[in-house]
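The values are calculated or read from the model by the stated rules, or taken from the named source; none is laboratory data. None of these values were measured; they are calculated from a predicted model. Every residue, glycine as well, gets a Cβ built from its backbone with ideal geometry; the counts of neighbours run over all protein chains shown.
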Amino acid sequence: MNDDLKKPKEEAEEEIGEPTPTVEVETETSDIPAPQEATDPTSPETEQEEEGSEISPPMPAPTEAKLEERGIGSKKLSGHIVISKSEDPRAKWYVVHTTSGHEVRVAESLRQRIETMGLTEKVFELLIPTQDRVVIRSGRKVTIKEKIFPGYLLVKMVLDEDAWLAVRTTQGVTGFVGAGNKPTPLSNAEVENIEKFTSAPAARYKVRFSLGEAVKITDGPFAEFLGTINEMDEDKGKVKVMVSIFGRETPVELDFLQIAKV
């Protein structure tokens, strides 16, 4: 047979999902765009990878986030679970919709399921994005880990039939987030923005006061005075209260610890 007539076999192109449009994540929790509605596809769809496609970046947890949740007693479980480390270029971050309030238990169940089914080379990381917040409890400042996307879990995985089925049929998982009937991976920009937001070093205050609300001063020279909140600075934990002194409304700057609801 003439060697000139032989043609090399073409290599099969890898299949990945389309990247989603970039969504900028702001520096306040309330401005973060909510994930799209979850879908329940009968099977994952894939399409051909375009030339020069980017590898999904890692999303390391800056600190070990231990989360509490109802139903697990006093235990605290990790909000970032690394099942196995991999640089597989096919791995992407996907958003999974879970039963709200049970994200930690769903993540732990999924980890056990992936290890039991021998899919550690297809599902690599599970992440519940959190941010440090300071809440006022019984007159004390307490730092907590607050979930940024309640009801959602991020999964870094290679999307194929086996991995999709393992995740989708885990108890507490209600579906993948995506356009139409297809799980859609997060873009690199979205992954980086979420990682930056969760890495914010400054703890933020979470208070249950609002502008114009009547409060009682509980500490300091104006203790027992009643007033109305005029300004709030949640980053510094400060508040200005309008207090009536000698018949005149006077602004008094206080700490959140120094006021209480009437």
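For Val177, the conditions (1) modelled with pLDDT of 95 or more; (2) in contact with a His (Cβ under 8 Å, 6 or more places away or on another chain); (3) of a type in the set (A, V, I, L, M) all hold with the exception of (1). Assessment of the range 205-218 against the conditions (surrounded by 12 or more Cβ atoms within 10 Å (Cβ to Cβ), within 25 Å of Leu127 (Cβ to Cβ), out of contact with any Gly (no Cβ under 9 Å at 6 or more places or on another chain) and of a type outside the set (Val, Ile, Thr)) yields at least one matching residue. Criterion applied to Glu125, Glu195 was being in contact (Cβ under 8 Å) with a residue 24 or more places away in the chain, assigned to a helix (DSSP H, G or I) and closer than 16 Å to His80 by Cβ, and the one residue passing it is Glu195.
Residues in the range 132-171 that are loosely packed, with under 13 Cβ neighbours inside 10 Å, at pLDDT 80 or above and assigned to a loop (DSSP other than H, G, I, E, B): Pro150, Thr169, Gln171.
Within the range 241-261, the set of residues being of a type in the set (Lys, Arg) and either touching a residue at least 40 places away in the same chain (Cβ under 8 Å) or in contact with a Gly (Cβ under 9 Å, 6 or more places away or on another chain) (or both) comprises Lys261 only. Taken over the range 243-262, the criterion of being loosely packed, with under 15 Cβ neighbours inside 10 Å, more than 37 Å from the chain's Cα centre (by Cα) and assigned to a strand (DSSP E or B) is satisfied by Ser244, Ile245, Arg248, Glu249, Thr250, Pro251.
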